[in-house]
Amino acid sequence: MTSTKLQAPRGTSDVLPEDAERRRQLGGRSAELLGRAGYRPVETPVLEDTELFARGVGESTDIVQKEMFTFEDKGGRSLTLRPEGTAGVCRAYVEHGMHKLPQPVKLWYSGPFFRHEAPQAGRYRQFAQVGAEALGSNDPSIDAELILLLADLLAGAGVRGVRLRLSSLGNAATRRRYGAELRAYLGARESELSEQVRARIDQNPLRAFDSDDPGTRAAMEDAPRLLDRLEPDDAEHFAAVRELLDGAGLAYELDPTLVRGLDYYTRTVFEFESVELGAQRGVGGGGRYDGLVEEVGGPPTPGVGWAAGIERILLAAEPAVAAARWPARAYVVLAHADGRGEAFRLVRALRAAGAAAEMEQTGRSLKGQLRQAARTGATHAVIVGEALEVRDMDSGEQRPVAGVQEAVRAVIG
Ligand code: AMP
């Protein structure tokens, strides 16, 4: 009887070694870059109480309304696979009293996230993000620092065709007033708008700015812009962020129509895109969320951060140049049936000395073993036969060595 072949669930995929290695390299670079800027790693659970996202991300967002993997545990509690990282980091900040530490508290994370979206290129139901958050300061230099760190991360990863869009949303009251103004504007020009935009005037009037419909686009040209409605201190904050970015020489486009899919943003918002990607071109984005810590039960605490999609970074990046991670790589060839014990000691000695080393473990012929040595990228084959010999895989030169230590020296060079 043969069983049906099983596959990974829709929208998820296995990360095979080549990609997994690229992802780890990116992880290493992120740790280095963010660590140098004072960000420390944090890990929060993949499962959270559903309420965290309902409160944090916002009941009215697409994420909470349509995209969460939510289920009841055996105790009847509603749990959700995290769709994003900021709410969990804020919960952890409050739960562990991090507001009592010297501020700002700077944290970074990476790991899997889950959204029940229609899968397509660059959009998955399980995806990985790297993210950074700074809690406890409303200084514009933190906004600018974080934006520059993400720019550096993308540049370091070799992401091509990067564009940065930047805006400010002001505070919640400004947004509410602006929402009413925009709804009134759209209401007055309803006949010029597309069916789709008309249907969402009440729910999400900002979407009108994203429309491709020519009538809607024309009608939106004179629409009021949130950036022109900012209160003086929010406008000043935004001007300071821009001045720091200008000083750092980072190019950006001011985009007053930038809307992000999460409710918690205040003031600065930004999104990095890559023109290399198709429809799903956002590689990373974020902004300030000055009310979120309070929303999840903490004291009023400003915060700002970003998250970037690891799959999309790698899709938009130049193919990685494989870095030599070990000074040498050896393949131990068994030319003698009794050689296994010696070969086993050899690979352990080679690895302890810093080389990469493998031994023959499937019973190939001598010729087959040398072919396998070449396939693994070995610089040397160590041949365990009547005598012990080391072969330089490039030149083909082969010479006898007296014992394990001499063989190790011959490989390491
Ligand atoms: P967001 O939290 O929606 O701002 O997402 C931040 C980044 O995560 C995006 O810019 C994408 O790079 C990535 N991302 C979000 N959703 C998905 C998804 N469904 N599949 C792959 N990457 C995603």
Filter result (among the aliphatic types (A, V, I, L, M), open to solvent by less than 40 Å² (accessible area, probe 1.4 Å) and either out of contact with any helix residue (DSSP H, G or I) (no Cβ under 9 Å at 6 or more places or on another chain) or outside the structural domain of Gly27 (by TED's automatic domain parsing) (or both)) within the stretch 82-120: Val89
Could you pull out the residue among Leu370, Leu366, Leu346 that is over 25 Å from Glu18 (Cα atoms) and open to solvent by less than 80 Å² (accessible area, probe 1.4 Å)? Leu346
Taking the stretch 199-216 and keeping only residues that are part of a helix (DSSP H, G or I), without any contact (Cβ under 8 Å) to a residue 40 or more places away in the chain and crowded, with 16+ Cβ neighbours inside 10 Å, one is left with Pro205, Ala208, Thr216
Pairs please, first residue from the stretch 48-70 and among the aromatic types (Phe, Trp, Tyr), second anywhere and buried (at least 17 other Cβ atoms within 10 Å of the Cβ) and modelled with pLDDT under 90, Cβ atoms under 7 Å, 6+ apart in sequence or on different chains. Phe53/Val64
The one condition in (1) of a type outside the set (D, E, K, R); (2) part of a helix (DSSP H, G or I); (3) in contact with a helix residue (DSSP H, G or I) (Cβ under 6 Å, 6 or more places away or on another chain); (4) over 30 Å from Leu16 (Cα atoms) that Gly341 fails to fulfil: (3)
When every residue in the stretch 272-323 that is in contact with a Leu (Cβ under 8 Å, 6 or more places away or on another chain) and among the β-branched types (Val, Ile, Thr) is compared, the one surrounded by the fewest Cβ atoms within 10 Å (Cβ to Cβ) is Val296
Taking Leu193, is it more than 17 Å from Gly285 (Cα to Cα), more than 16 Å from the ligand (Cβ to nearest atom) and open to solvent by 20 Å² or more (accessible area, probe 1.4 Å)? no
Inter-residue pairs, beta-carbon under 6 Å, first under 15 Å from Arg24 (Cα atoms) and in the stretch 300-318, second part of a strand (DSSP E or B) and more than 10 Å from the ligand (Cβ to nearest atom), 6+ apart: Ile313/Val159; Ala317/Val159
When you scan the stretch 125-136, do you find a residue that is open to solvent by 30 Å² or more (accessible area, probe 1.4 Å) and among the hydrophobic types (A, V, I, L, M, F, W, C), even just one? no
For residues in the stretch 20-40 being more than 14 Å from the chain's Cα centre (by Cα) and open to solvent by 70 Å² or more (accessible area, probe 1.4 Å), which is nearest to Leu154 (Cα to Cα)? Glu32
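The values are calculated or read from the model by the stated rules, or taken from the named source; none is laboratory data. Note that the coordinates shown come from a computational prediction; the quantities given were computed from them, not determined experimentally. When we count neighbours, we look across all protein chains shown, and the Cβ atoms used for this are built from the backbone with ideal geometry, even at glycine. We work out accessible area using only protein heavy atoms, side chains counted, and drop any ligands, DNA or RNA first. Shrake-Rupley method; radii C 1.70, N 1.55, O 1.52, S 1.80 Å.
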